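One structure is given here, and the rest of the page talks about it.
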Amino acid sequence: MMRASGILMPIFSLPGKYGIGCFSEEAYRFVDFLKKAGQKYWQILPVGPTGFGDSPYQSFSTFAGNPYFISPEELERQGLIRKEDIPEPEEDAREDRVDYGWLYNTRYTVLRKAFQNWKGQERPDFAEFLSENGYWIEDYALFMAEKDHFGGRSFSEWDADIRFRRPAAMEKARQELADEILYYEYIQYEFNREWTKLKKYANENGIRIIGDIPIYVSPDSADFWAHPELFQTDENHLPTSVAGCPPDGFSADGQLWGNPLYDWEYHKKTGYAWWLKRITKCAQLYDVIRIDHFRGFDEYYSIKAGSPNAIGGHWCKGPNTDLFDTIREKNGDIRIIAEDLGYITDTVKKMVKETGYPNMKVIEFAFDSRDSSGRAAYYPYNYNSNCVVYTGTHDNETLLGWLGNIMPEERQELKDYLGTDTEDDREIVDRTIRLVESSVADLCVVPIQDWLGLDNSARINHPSTTGTNWVWRLKEGQITEQLSDRIDKICSIYGRI
């Protein structure tokens, strides 16, 4: 990567009047803002359809797009819905929060109305879209149609004949649910059309998209239902072991994610065919791919299915560089960022080095004694240029919130490093941003919340918790010309323009 700067900003966090950030006018205005601010990258979170807990890391499909991101105003522009078909959020709805319950009860009504009107129109490129995406969309559309048929229940609770994909049941379902299947195919077609248009606009304005893909798939997903052979399962196609992280300074019980673990021996026998398809799809969606939990390819933490927490897990060997050598051989030099945060062993460091991918540095970790992975690695004087430095990620506190929660001696250590005696937290935030922007790292990515100096009410995710995550949104008016000028000036000072 050339020396540059970017901003971390989830799609759902964009401002706007539709209850959630989407591919509406506000998305294009954000691209304009990035350009004016001298940025070269827009980093987003996974864009898949979300399930329980609304987490983008627990998606119904690793290939599909989130229907909530489809723009109602674009559907109106196409003549598929009328303005009065678009529901307005409740009067007391918070502008800075996504209300997923309200969305679930209103947005699909809009999408179904658009679908009914779309069916009667000419659609010459739809067949081409289905052909290009047939390797995943047929299973996904049928999966979602069956999920509706079974009242939203996990596929592990479906009738045995369709749960185990018996041929007669599959054929019967395709006939009886043909319209529902077409509906879900249309949703993906429209998502792809709108996202391709937005990405093209970003690229034409010098902005590259950094996409984020989780290492694992959801236990309730089309991927797991359609391809149980890819995972460690029993005779009932249920996980025998699940993913997570061991206890550390941030969590005494560790993290129990619950995702099915891969059968890496099977993947190797197939030449990593499924992974090659997944990476190919991501390379179409994004300019750069950030792979979450990269260390899981060296060793992954295995927890017995049904365990109440992650304490009793153990480490197992993953494919290491064999997978990435195959990706490079088959897919070419795809740009990948390795999220190597957490407890990093020498073998993980060796794997990252051998792939050549830039890894991640988080400045908060350098001054937080809870970090057990060797926080000296996060001091800027230990960076090499082939890395991406962050003030924090979506899983961290905002800088302002973090400053209020670290111990006094840690706070003083940061102030000493910054060379300041100020007690003004917002000034410390500004100086910390300058610290990462001035570092030798090729790429510096700062969450928009830190540029705005927001507290933890703007935090995106608190790992191992549910109910309050993935909801924060920008409010109209927070993105200003003054802010873009300030960002541009700072990035220019440190050679990132």
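Computed values, structure above
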{"item": "Accessible surface of residue 302 - all protein chains present, 1.4 Å probe, nearest 10 Å²", "result": "10"}
{"item": "Cα-based convex hull volume of region 402-497 per residue, rounded to whole Å³", "result": "134"}
{"item": "Heavy-atom accessible area per residue - the chain, 1.4 Å, Å²", "result": "42"}
{"item": "Residues with amide H under 5 Å from that of residue 259, placed H, sequence gap 5 or more", "result": "243"}
{"item": "Cα shape, region 150-295, gyration tensor, a/c 1.5 rule", "result": "oblate"}
{"item": "Between region 23-48 and region 85-151, the Cα center-to-center distance that results, in Å", "result": "23"}
{"item": "For region 223-379, fraction of C-alpha pairs farther apart than 27 Å, in %", "result": "28"}
{"item": "Of all accessible heavy-atom area on region 404-475, the percent that carbon and sulfur account for (1.4 Å)", "result": "47"}
{"item": "Per-residue [θ]222 nm for the chain (sum of -39500 (n - 2.57) over DSSP H runs n ≥ 4, rounded to 500)", "result": "-12000 deg cm²/dmol"}
{"item": "Anchor residue 415: aspartates and glutamates whose Cα lies under 14 Å away (excluding residues fewer than 8 positions away in-chain)", "result": "364, 368, 423, 424, 425, 427, 430"}
{"item": "Rg/Rg_globular for region 1-152, with Rg_globular taken as 2.2 N^0.38 Å and Rg from C-alpha atoms", "result": "1.15"}
{"item": "Solvent accessible area, Å² - residue 139, 1.4 Å probe, full protein context", "result": "30"}
{"item": "Over 27 Å between alpha carbons, listed pairs 200/277; 269/361; 113/147; 199/349; 36/330; 36/200", "result": "269/361; 199/349; 36/330"}
{"item": "Cα-based shape type of region 380-424, given that a ≥ b ≥ c are square roots of the gyration tensor eigenvalues and the cut on a/c is 1.5", "result": "oblate"}
{"item": "Integer Hz, Karplus 6.51/-1.76/1.60 couplings in order for region 427-435, x for Gly and Pro", "result": "5, 5, 4, 4, 5, 5, 4, 4, 4"}
{"item": "Those aspartates and glutamates that a straight Cα-Cα span of less than 17 Å connects to residue 83, excepting residues fewer than 8 apart in one chain", "result": "25, 73, 74"}
{"item": "Paramagnetic label zone (point 7 Å from Cα along Cα-to-C-beta, residue 486; backbone N under 16 Å) in region 414-429", "result": "424-429"}
{"item": "Label of the coordinate-derived value, mean projected area of the Cα convex hull in nm², listed as (1) 20.7; (2) 24.3; (3) 23.2", "result": "(3)"}
{"item": "Surface share of carbon and sulfur [accessible, 1.4 angstrom probe, percent] for region 244-315", "result": "51"}
{"item": "For region 447-497 and region 375-430, distance of Cα centres in Å", "result": "16"}
{"item": "Zone of residue 386's modelled label, taken as backbone nitrogen in region 340-356 under 14 Å from a point 7 Å along Cα→Cβ", "result": "349-356"}
{"item": "Inter-probe distance in nm under a simple model that places probes 7 Å from Cα toward Cβ, at residue 127 and residue 311", "result": "6.1"}
{"item": "Solvent-accessible surface ranking, highest first, for 237, 293 at 1.4 angstrom", "result": "237, 293"}
{"item": "Carbon/sulfur fraction of accessible area - region 101-234, other protein chains in place, 1.4 Å, %", "result": "48"}
{"item": "Hypothetical label at residue 280: residues of region 112-141 whose amide nitrogen lies under 12 Å (7 Å Cα-Cβ projection)", "result": "132-136"}
{"item": "Shape category assigned to region 168-240 from the gyration tensor of Cα positions, a/c cut at 1.5", "result": "oblate"}
{"item": "Computed label-point distance, nm, for sites residue 273 and residue 426 using a 7 Å Cα→Cβ extension", "result": "5.8"}
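The values are calculated or read from the model by the stated rules, or taken from the named source; none is laboratory data. Please read all numbers here as calculations on a predicted model, not as lab measurements. We place every Cβ from the backbone using ideal geometry, glycine too, and count neighbours over all the protein chains shown. Surface accessibility is based on the protein's heavy atoms, side chains included, excluding ligands, DNA and RNA. Shrake-Rupley method; radii C 1.70, N 1.55, O 1.52, S 1.80 Å.
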